[in-house]
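Novice: Below you will find the structure I want to go over with you.
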C-alpha cells in the first residue's frame with residue numbers, strides 16, 4: 001500500500017474479503033503496517049457483518065490523508081479473522097500491489 005509516495009504496508013499474509021458491491025478488501029496484520037504513519041481519527045462507522053469500524057488517517061510527509069484506513073477492535077464473531085488488522089480504501093491510496101502487479105484504482109462511493 002502506497003500513500004503519497006510512502007510505503008505504508010507490505011504483507012504476505014492478508015485476509016482478503018469479497019463483499020457484494022465492494023472492491024476486494026485486503027486486511028493487513030498491524031505488524032505489517034507502518035503504524036507510526038497512522039493517526040487515529042474520530043470517525044467511526046458500523047457494518048452489520050463486521051461491527052464498529054474505527055478509522056485512521058495517514059501522515060505522509062507534510063500531508064495528512066484523512067480516513068484512509070480502518071480497523072475493527074471488536075469485530076462480530078463471524079468476522080473475528082479481521083481483528084487486529086488494518087484495511088485501506090483501495091480508492092484512496094495511490095498504489096496497491098498484489099503479487100508485484102499494480103492494481104487498478106476502483107471508483108466507488110468512497111472515492112475522493
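Novice: Considering only residues that are surrounded by fewer than 17 Cβ atoms within 10 Å (Cβ to Cβ) and closer than 18 Å to residue 39 by Cα, look in the stretch 60-82 and name the one that is farthest from the chain's Cα centre (by Cα).
Specialist: Among residues in the stretch 60-82 that are surrounded by fewer than 17 Cβ atoms within 10 Å (Cβ to Cβ) and closer than 18 Å to residue 39 by Cα, the one farthest from the chain's Cα centre (by Cα) is 62.
Novice: Among the residues of the stretch 28-53, count how many are assigned to a strand (DSSP E or B) and over 25 Å from residue 102 (Cβ atoms).
Specialist: Final tally of qualifying residues: 12.
Novice: What's the number of the only condition in (1) touching a helix residue (DSSP H, G or I) at 6+ places or on another chain (Cβ under 7 Å); (2) within 20 Å of residue 8 (Cα to Cα); (3) at pLDDT 90 or above that residue 68 fails to meet?
Specialist: (1)
Novice: Would a scan of the stretch 20-27 turn up a residue that is surrounded by 11 or more Cβ atoms within 10 Å (Cβ to Cβ), in a loop (DSSP other than H, G, I, E, B) and touching a strand residue (DSSP E or B) at 6+ places or on another chain (Cβ under 7 Å)?
Specialist: Scanning the stretch 20-27 turns up at least one residue that is surrounded by 11 or more Cβ atoms within 10 Å (Cβ to Cβ), in a loop (DSSP other than H, G, I, E, B) and touching a strand residue (DSSP E or B) at 6+ places or on another chain (Cβ under 7 Å).
Novice: Still on this structure: Of everything in the stretch 45-66, what is under 19 Å from residue 17 (Cβ atoms) and touching a strand residue (DSSP E or B) at 6+ places or on another chain (Cβ under 7 Å)? Give them in sequence order.
Specialist: 45, 46, 47, 52, 53, 54, 55, 56
The values are calculated or read from the model by the stated rules, or taken from the named source; none is laboratory data. Fair warning: this is a prediction, and the values are worked out from it, not measured in the lab. Reconstructed Cβ throughout: ideal geometry from the backbone, glycine too, with neighbour counts over all protein chains shown.
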